[in-house]
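The values are calculated or read from the model by the stated rules, or taken from the named source; none is laboratory data. Worth saying up front: this structure is predicted, and the values here are computed from it rather than measured. Every residue, glycine as well, gets a Cβ built from its backbone with ideal geometry; the counts of neighbours run over all protein chains shown. Heavy atoms of the whole protein, side chains included, go into the accessibility calculation; ligands, DNA and RNA do not. Shrake-Rupley method; radii C 1.70, N 1.55, O 1.52, S 1.80 Å.
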Amino acid sequence: MKTLLQVTGLNAWYGESHVLHGVDMTVGEGEMITILGRNGVGKTTTLRTIMGILRERKGQIIFDGKDMMDVPLHRTAHAGIGFVPEERGIFATLTVEENLMLPPVVAGNGMSLDEIYDLFPNLQERRHSPGTKLSGGEQQMLAIARILRTGVRLLILDEPTEGLAPVIVQRIGEVLRKLKDRGMTVLLVEQNFRFASRVADRFYLMDHGQMVADFPVGELPERMDMLHSVLGV
Amino acid sequence: MAQAAVQPHNEPRVVLSARGLTKIFGAFAAVKDVDLDVRHAQVHALIGPNGAGKTTVFNLLTKFLQPSAGSINLLGTDITRTAPDKVARMGLVRSFQISAVFPHLTVLDNVRVALQRPNHLATQFWLPMASLNRLNERAEELLSAVGLSNERNALAADLSYGRKRVLEIATTLALDPKVLLLDEPMAGMGQEDIGNVSSIIREVAKQRAVLMVEHNLSVVADICHHVTVLQRGEILAEGDYATVSQDPRVRTAYMGTEEA
Amino acid sequence: MSHVAHSTNSKPAAEPGVKITTSATIFLLAGLALLVVAPLFFYPIFLMKLLCFALFACAFNLLLGYTGLLSFGHATFFGGAAYFTAHAAKVWGWTPELAVLLGVVGAALLGLVMGFVAIRRQGIYFAMITLALSQMFFFFCLQAGFTQGEDGIQQVPRGYLLGFIDLSVSTNMYYFVLGVFVIGLVIIWRFINSPFGMILKSIRENEARATSLGYSVAHYKLGAFVMSAALAGLAGGVKSLVFQFATLTDVAWQMSGEVILMTLLGGIGTLIGPIFGAGLVVTLQNYLATSDFPVTIITGVVFMVCVLLFRRGIIGEFYASRVGRWLGFEHRH
Amino acid sequence: MTMIFGIPIQAFLGQLLIGLINGSFYALLSLGLAVIFGLLRVINFAHGAQYMLGAFVALLLLQYFGINYWLALIVAPVIVGVLGAIIERTMLSRLYKLDHLYGLLFTFGLALTIEGTFRYLYGAAGQPYSVPSALAGGTNLGFMFLPIYRGWVVVISLIACIGTWLLIEKTKLGSYLRAATENAVLVQAFGVNVPLLLTFTYGFGAALAAFAGVLAAPIYQVSPLMGSNLIIVVFAVVVVGGMGSIMGAIITGYMLGITEGLTKVFYPEASNIVIFVIMAIVLLIRPAGLFGRDA
Amino acid sequence: QDAVSDGKVKIGILNDQSGVYADFGGKSSVEAAKMAVEDFGGTVLDMPIEIVDADHQNKPDIASNIARQWYDTEQVDAIMELTTSSVALAVQALSREKKKIDIVTGAATTDLTGKQCSPYGFHWAYDTHALAVGTGGALVKQGGDSWFFLTADYAFGYSLEEQTSEFVKSAGGNVVGSVRHPLATNDFSSFLLQAQSSGAKVIGLANAGLDTANAIKQAAEFGITAGGQNLAALLFTLAEVHGLGVEAAQGLTLTEGYYWNLDEQSREFGKRFFERTGSMPNMVHAGTYSAVMQYLKAIKQAGTDETEAVAKALHEMPVDDFFARNGKVGANGRMIHDMYLLQVKKPGESDEPWDYFNVLSTIPGDEAYIDPAKSGCELVQ
Ligand SMILES: Nc1ncnc2c1ncn2[C@@H]1O[C@H](COP(=O)(O)OP(=O)(O)OP(=O)(O)O)[C@@H](O)[C@H]1O
Ligand SMILES: Nc1ncnc2c1ncn2[C@@H]1O[C@H](COP(=O)(O)OP(=O)(O)OP(=O)(O)O)[C@@H](O)[C@H]1O
Ligand SMILES: CC(C)C[C@H](N)C(=O)O
Ligand SMILES: [Mg+2]
Ligand SMILES: [Mg+2]
């Protein structure tokens, strides 16, 4: 399998606090990876640093053979990475459709508006209402849908199921699998362990700003003890 | 509040109570009609999924946010319209979800700033700084209680995340609050700190009420006498941990089906 | 809660202040000695102007440097006090010390009113509001009878200090100004190194936390604001006696800008930085007053350069420099 | 003579109209400030200087290149806008990471520099710029004699305000702008060149100021200090309006202009300070301003 | 001891060089002073003569700081020009305290030789009284018997308004109102509207420089002149007419103490001045030349530059040059000379550039100026 994303020795800081202490990880083309870890261990930070949002960083990030460390934030998307933030980032002053149309298309293989509305009929229904009038689940759909239009190759999702009803969680699980079938690579941070174990091919376990373990979904049963001690699950 | 005054005789007295607490942001109700009774000498946990409104409840109780509806009563006084600093002076003190220390003050000074108010040494602009030295003894006591004595001269900014949380608890205790509100005090703490802080909380709760938000369910199970589960701004369940954790609604909404 | 005023990585850090190192003491004494003999070498009026502005800048810095509040309206206190003092000395025939005292009290009251309105907002809003309010005061002075409009209060008598020291004698006036300056500095020093100052510092560091500890942030800010206004008034009142003049120049917003420049140039949040800033600006102005080249351009460029390149100011940079640290001035960042 | 509140109705309506004209300038300028502040979180102290620059560029274009008013109305804002963009790119953009106060201080220095330079080169005195012949003269409205040019100012500034509002509310560029106002980092993460957007915004805001400056030239003369006092009034307008909305800036601008005009009728002594008084009152009652969203 | 202190005579020209009054005097006044020094021969009593100058920006405090510094540290012997009454009063008071001579050509208030006169202070070119008599008188004579004033809000404006009002009233007219505007106003529209609705026949502009020019322009814009009301530009000179353009200024009546195209003598100076500055002189420029010249002559006559002696000579010597005909200096320091009532020509009427005025009449000095005995100056017994 071809390596799409290679992260080596990644360190990151928020002002004076050092949050990532040498993160190493590899994401293969077409893989679906889930990062597990307790609150505050640096999962979100890892995603934000890879994305280039957090720029107080050291280390190496290679995406598709390209060194991303000096790429300005607004070029990251054009390189093929899409980001769905934890807080979803729906713009209050924009309508649903404006939100949907906001991110520029970076490659030809993105979904069309029709396809997206097919996938998320709720959004079509509410396309003229302000973004923040949506329910939490709909907001999450919108946040994902928004990126699907752009045609990125690596989708980075931060806790896509947070605070969502199980039925929506299920729907999102289906969508993610569909995307995987289309060959999209997904990097996911997830607290919802059950959900993660249903969709992921491989796991990274994070603690204290580092990756402490890495194993495929098949090894899950024998790793339960470790997960228990690190995650408290 | 009339209802709050009526209490079963076997329960400790209610020191902080909210009735019909509601907060509406624009069109969104972050907190809806929440009733809460926090009792003396008890640790009360507020749990629930992210975005359930826990922090908002904290902000409302401490008056950092003005409730859209409902009333709050602290130690028999209605504080629904009272300013936040006044509430703090009345004995309701909080910590923050994101760490809240004075980064460019030393650890000792952080605690001393907190001690200044109860010791009436805050508005004297004519006294020298040395006048604050009489707070040192108490400050050192607090620091050693939380195990920060060795770092007393370090800048707060230079502490690790967990140590900052510990420092924050020390400054909070310095005010000798009657009701202590802790927002995720264990978040980001190492295991050794968690044990330590758990015992501190247990200790301080002997003479005061503690309300805490906490995702670490083993801590909740361990030290909390009473648990309120919040979901989408509303109370989903209430009771002791054993009861609440068996509630299927709580399991689906918050704990999931896995064992904690 | 807004944290505009204290976002950590941008504000120059607190000054060494609390501990007075030996070298600081030596510098202080040397500086004082220099000021005592200065009139032998320099034009006393120039020195007095310098001292007045230095005190003004220090008073301003008390607010910006130690509370994180950028006031764009300090001309109101400086110029307002100048009017009060001048009026009392000229029209009512008060002795200079009483006239100056009136200026201080007047400035403190103005500070109370302006502060009451302005501290409702933070950061840039605070700056804009103080600016607008001081512009309002400017228009008031333009129209109020006792200020004499564009003419200003002219020929203010310097009078007799305590009724017997003739201040129209330049040397007497100089030592009077020097005395006021030293007293002003001592007050400022005491203020920032007091229990009150400690709370101010903590408010600047983390306003929400200070509130949660039970400190009424607004009252502390207002206290600092009034103190700063009163001291600015002290400087303004004395200045009106030095120049025997009180005019609109002193209440105009450009004056507020000037004092910001002095502080920025010298080093925000350092006790003595503003003195150097004021010295530099006053010297420059003096030098350029009779030349063709307008002061504004230089002022503006210095402003931009300071903001872009050395936000710590002269003294701040010095503290942070190797020599500064070697001499025992630590500068935290 | 018909009286209203003991004032001749003519004087009343006349001052009302003059207030509206002043209000047009307040609206245009506070609009530009609001646009810049919305995205950059910078209080553009140089706004007054850019307004002055607009007038001066128009004057110089006329003097040296014979470019008339109509062309200057477009060319001058473009020149000032580009200048603004250059300043943003090379200097202002370094300050975003810092406390917003530094942006204020920087633009303050910029204002002093620009005004000082023009004062040095052209003196503090104003220079005449004549009303374009097509708009010369006036028309008798019955209650007052309205110079056509001033009528034009009201109309065109209203158009410019509405145009800007449409640009921001109804276009793709506008949606980037609005989104970036809410969450610049995310918009950038989506692949929008937000730094460029910021540069454009600053340039656009400066151009709006310059546009107001060209409009003002025939009325107020072209003088290096024409913007320096105006800007403070506009700050007050902005504080009253609140920083939240574009529409808020526009409406407050007109409203306060008219209020000021009316004060001149009823209590002329207070006309210079009425806006500041209103500001203080609004702050006491609604600290976020009339249309402001942040509290 | 040396007859001349510090081995040189140093004259300071202190005026507005960049503000609303920059054309009125400004840098050109400095040039005029230099011309006088050159014409005098560059030395007096064998000592060099030096001119220094500074911009006081119309701010009395700035002016008095500069003056103080000049006197204290730069051995300046006399300060002249002093545009703007507030400045002139401040500097005259300081000069009196420092025992130095000041000769005012730029400012107008009669207080300089009235309540606030100085034994070492002289007022050279014109004053508010002369303007009231000249321009005010002319308009009253034309039937302008009800006035509304637009007044610059400082000493000069008050003085001009007061004296013109007195004049109007004594001629049987009345003043229906007045409004004060700050120095350097750029929008007069609401003031003009007030003037318009007052219904006064004459709108008296008790201001100067660009303020007047702006008011005139905007009055035309609002159809005020077309509506039958007359404007009285009480202080308006060649420089402002040039700035405003004859088109807009045509027909205005004004009073000056000098006009370059009056006769051979004045033309000769005008031409030379034009060559050096690119513009024709008004009464301030010419007056400054005259004042410097007279001051040097006085030093020569006194044989010293010591203040008392020079002041005495200045008081005693008659003034007779291209600027002042039959000039004499009163005990209050007022230099009394003839003034001219002028009217701006129509656009077609000018024969040559800068030929803007028709001379309506000559106002004899004794009529134009207050009798020193009645000036209220304490120095006049
Ligand atoms: N903007 C910030 N400034 C300072 N510290 C921050 C900031 N954001 C996060 N942190 C800190 O960095 C650490 C890592 O945070 P991060 O958000 O990456 O955790 P996480 O693993 O995503 O947690 P969660 O499961 O709660 O989302 C935490 O200690 C957090 O408090
Ligand atoms: N100022 C605000 N304006 C609008 N909505 C808000 C505001 N503050 C909070 N909310 C919303 O209110 C809801 C409750 O937020 P709150 O912070 O109280 O949640 P929480 O239970 O503390 O969650 P967590 O466990 O993540 O801390 C969220 O949906 C949040 O987006
Ligand atoms: C400069 C002058 C036109 C002003 C006026 N002469 C005065 O005395 O103030
Ligand atoms: Mg996270
Ligand atoms: Mg929370």
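Descriptive notes on the structure:
- The set of residues in the stretch C:252-280 that are β-branched (Val, Ile, Thr), more than 11 Å from chain D (Cβ to nearest Cβ) and open to solvent by less than 10 Å² (accessible area, probe 1.4 Å) comprises C:VAL259, C:THR270.
For every residue, the table says whether it meets (1) aliphatic (A, V, I, L, M); (2) closer than 30 Å to D:SER271 by Cα; (3) modelled with pLDDT under 85.
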| site | (1), (2), (3) |
| --- | --- |
| C:LEU110 | yes, yes, no |
| C:VAL117 | yes, yes, no |
| C:LEU167 | yes, no, yes |
| C:ASN172 | no, no, no |
| C:TYR175 | no, no, no |
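- Selected residue [at the interface with chain C (Cβ under 10 Å from one of its Cβ atoms), out of contact with any helix residue (DSSP H, G or I) (no Cβ under 9 Å at 6 or more places or on another chain) and open to solvent by 10 Å² or more (accessible area, probe 1.4 Å)] from E:GLU38, E:GLU74: E:GLU74
- The strands (runs of 3 or more DSSP E) found wholly in the stretch A:5-121 and carrying at least 1 residues that are of a type in the set (Asp, Glu) occupy A:17-28.
- Leading residue by the ranking (modelled with the lowest pLDDT) among those in the stretch A:4-39 that are more than 18 Å from B:ASP158 (Cα to Cα) and within 11 Å of ligand 1 (Cβ to nearest atom): A:ASN39
- As a summary of the residue check, C:GLN154 satisfies the conditions (1) away from chain E (no Cβ under 14 Å); (2) crowded, with 22+ Cβ neighbours inside 10 Å; (3) of a type in the set (S, T, N, Q) except for the one numbered (1).
- Cross-chain or 6+ apart pairs with Cβ under 8 Å, the stretch A:173-190 first and polar (S, T, N, Q), then part of a loop (DSSP other than H, G, I, E, B): A:THR185/A:GLU29; A:THR185/A:GLY30; A:THR185/A:GLU31; A:THR185/A:ARG153
- Restricting the stretch B:160-198 to residues that are among the small types (Gly, Ala, Ser) and within 16 Å of ligand 5 (Cβ to nearest atom), the residue that is modelled with the highest pLDDT: B:ALA187
- Which listed residue, of C:PHE140, C:PHE116, C:PHE146, is within 14 Å of chain E (Cβ to nearest Cβ), farther than 26 Å from C:LEU50 by Cα, surrounded by fewer than 21 Cβ atoms within 10 Å (Cβ to Cβ) and not small (Gly, Ala, Ser): C:PHE140
- Once the stretch B:197-215 is narrowed to residues that are in a loop (DSSP other than H, G, I, E, B) and under 13 Å from the mean Cα position of the chain (by Cα), the residue that is surrounded by the fewest Cβ atoms within 10 Å (Cβ to Cβ) is B:ARG208.
- The stretch E:19-78, residues that are within 16 Å of ligand 3 (Cβ to nearest atom), in a loop (DSSP other than H, G, I, E, B) and in contact with a strand residue (DSSP E or B) (Cβ under 7 Å, 6 or more places away or on another chain): E:GLY25, E:HIS56
- Checking each residue of the stretch D:27-42 against the condition of being at positive phi, within 14 Å of chain E (Cβ to nearest Cβ) and open to solvent by 10 Å² or more (accessible area, probe 1.4 Å) gives no match.
- Among the residues of the stretch A:91-103, those identified as open to solvent by 20 Å² or more (accessible area, probe 1.4 Å) and more than 8 Å from chain D (Cβ to nearest Cβ) are A:THR95, A:GLU97.
For every residue, the table says whether it meets (1) open to solvent by less than 30 Å² (accessible area, probe 1.4 Å); (2) of a type in the set (S, T, N, Q).
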position	(1), (2)
B:THR55	no, yes
B:LYS63	yes, no
B:PRO67	yes, no
B:ASP78	no, no
B:PRO84	no, no
B:THR106	yes, yes
B:ASN110	yes, yes
B:TRP126	no, no
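- Within the stretch D:114-124, the set of residues being within 7 Å of another protein chain (Cβ to nearest Cβ) and either open to solvent by less than 20 Å² (accessible area, probe 1.4 Å) or among the aliphatic types (A, V, I, L, M) (or both) comprises D:GLU115, D:GLY116, D:GLY123, D:ALA124.
- One residue stands out among those in the stretch D:242-295 that are over 21 Å from C:LEU131 (Cβ atoms) and of a type in the set (Lys, Arg): the one that is nearest to the other protein chains (Cβ to nearest Cβ), which is D:LYS264.
- So D:ALA180, is it open to solvent by less than 10 Å² (accessible area, probe 1.4 Å), closer than 16 Å to D:GLY38 by Cβ and facing chain A (nearest Cβ under 10 Å): yes
- For A:GLU87: the one exception among (1) of a type outside the set (Ser, Thr, Tyr); (2) away from chain D (no Cβ under 11 Å); (3) farther than 20 Å from A:ARG182 by Cβ; (4) without any contact (Cβ under 8 Å) to a residue 60 or more places away in the chain: (2)
- Filter pass, D:ILE9 being within 11 Å of another protein chain (Cβ to nearest Cβ), closer than 26 Å to D:ILE258 by Cα and open to solvent by less than 10 Å² (accessible area, probe 1.4 Å): no
- Residues (away from chain C (no Cβ under 14 Å), hydrophobic (A, V, I, L, M, F, W, C) and in contact with a strand residue (DSSP E or B) (Cβ under 9 Å, 6 or more places away or on another chain)) located in the stretch E:161-195: E:VAL168, E:VAL175, E:VAL176, E:PHE188, E:PHE191, E:LEU192, E:ALA195
- Flag for A:PHE63 being more than 16 Å from ligand 5 (Cβ to nearest atom), among the aromatic types (Phe, Trp, Tyr) and within 22 Å of D:LYS97 (Cβ to Cβ): no
- If you go through the stretch B:218-236 and keep only what is touching a strand residue (DSSP E or B) at 6+ places or on another chain (Cβ under 6 Å) and polar (S, T, N, Q), you end up with just B:THR228.
- The residues of the stretch D:140-157 that are among the polar types (S, T, N, Q) and more than 9 Å from chain E (Cβ to nearest Cβ) amount to a single one, D:SER157.
- The conditions of being over 17 Å from A:ARG153 (Cβ atoms) and open to solvent by 30 Å² or more (accessible area, probe 1.4 Å) are met by A:ASP70.
- Any hit, the stretch E:5-22, residues being over 19 Å from the mean Cα position of the chain (by Cα), within 12 Å of chain C (Cβ to nearest Cβ) and of a type in the set (Val, Ile, Thr): no
- Scanning the stretch D:193-206 for residues that are in contact (Cβ under 8 Å) with a residue 12 or more places away in the chain and open to solvent by 10 Å² or more (accessible area, probe 1.4 Å), we see that the one that is farthest from the other protein chains (Cβ to nearest Cβ) is D:PHE204.
- Meets criteria (open to solvent by less than 30 Å² (accessible area, probe 1.4 Å), out of contact with any Leu (no Cβ under 6 Å at 6 or more places or on another chain), within 13 Å of ligand 4 (Cβ to nearest atom) and of a type in the set (A, V, I, L, M, F, W, C)) for A:ILE35: yes
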